[in-house]
Amino acid sequence: MDEKAILIENKAAVPKEFNKISHRYDMATGMSQGYQADLNYSASLLNLKGHETVLDLCCGTGKSTKAILSHISTGKILGIDNSEGMLEEANKKFRNECIEGKIEFQLQDAMHLNFLPSSFDAIFMAYGLRNMPDYEKSLQHLYTLLKPGGRLVIHDYSLANTWYARPFWWILGWLFIVPFCTVVSGSSKIFTYLVKSVFKFLQPNQVKDLLEKTGFKNIRAYPHKGWRAPILQAFYGEKE
Ligand SMILES: C[S@@+](CC[C@H](N)C(=O)[O-])C[C@H]1O[C@@H](n2cnc3c(N)ncnc32)[C@H](O)[C@@H]1O
């Protein structure tokens, strides 16, 4: 099998691949204009009041955690990822907040989370769902973990159903993301996987349908602003 296709077939190996680039991840994503601002926008859709317990699933080095943190005062964020390297970076970045107990990072597989049902007021999953081997099972699990009235935001690349979204992603992915991020991080495998996995991922209407099938209500899709509108979405859903 093509060495770089293996991750698509075996998504459980994705976090191990992130280990290899964890110390360069922030630099690589820093080249993507608006990366943090996009996360901030999506996190704001959770409409947090400040006291909530929030799950940041597939938190990586904590860029998504940072987006939630500005909305939390007395509450707590649990950042989960299955890459030791990515969590090490996150722990370094939020040492004080971890000591205060405002943030806690844990190594867990997002497909087999070790939490009781109804544990969270809100769940943020940024660039995570696409990496799950079974999207529906993952969303069912998240539904169970939310308290009644809880809110979910999925932030991910999802190619709009327009003629130009796929060619646009092809150009962005193969001509910019893979070459530049490979130079910065020293590894091409995870970025090649990124480009391919986005082509294979669900379109916005399919994500909305899946959220509905899973039981979520008040489902909405928010395309991001400007040139990212055809490729980047935030999906919102509530548990009744
Ligand atoms: C693209 S990064 C996103 C990090 C962060 N949310 C952000 O927005 O910058 C995807 C993360 O998902 C994690 N991941 C992938 N599959 C996972 C799984 N099954 N369980 C937990 N984490 C997983 C990877 O280790 C990686 O850190």
By the Kirkwood definition, with r running over pairs of different Cα atoms, the stretch 198-240 has a hydrodynamic radius in Å of 11.0
Distance in nm between residue 196 and residue 73 label points, each 7 Å along Cα→Cβ, equals 4.8
Along principal axes, largest first, the alpha-carbon spread of the chain in whole Å comes out as 44, 38, 34
The stretch 3-238: antiparallel bridges as % of DSSP beta bridges, rounded to 5, reads 40
What the Cα atoms of the stretch 74-150 span along the principal axes, largest first and in whole Å, is 35, 28, 19
Lys and Arg at +1, Asp and Glu at -1: neighbours of residue 121 with Cβ under 12 Å from its Cβ sum to +3
Check: C-alpha center the stretch 110-181 vs C-alpha center the stretch 53-82, spacing in Å is 15
Quick note on 23, 112, 51, 224, ordering by fewest other C-beta atoms within 10 Å, gives 112, 51, 23, 224
Computed from the beta carbon distance with a Förster radius of 30 Å, FRET efficiency for residue 240 and residue 44 to the nearest 0.05 stands at 0.85
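Go ahead and estimate [θ] at 222 nm for the chain from helices alone: -39,500 (n - 2.57) per DSSP H run with n ≥ 4, summed, over the residue count, rounded to 500. Please report the intermediate quantities before stating the final value.
Values: 12 runs with 99 residues, N = 240.
The helix-only estimate for the chain comes to -11000 deg cm²/dmol at 222 nm.
Just so you know, all these numbers are worked out from the coordinates, no wet-lab data involved. Owing to the predicted nature of the structure, the values given are computational and were not obtained by experimental measurement. All Cβ positions, glycine included, derive from the backbone under ideal geometry; neighbour counts span all protein chains shown.
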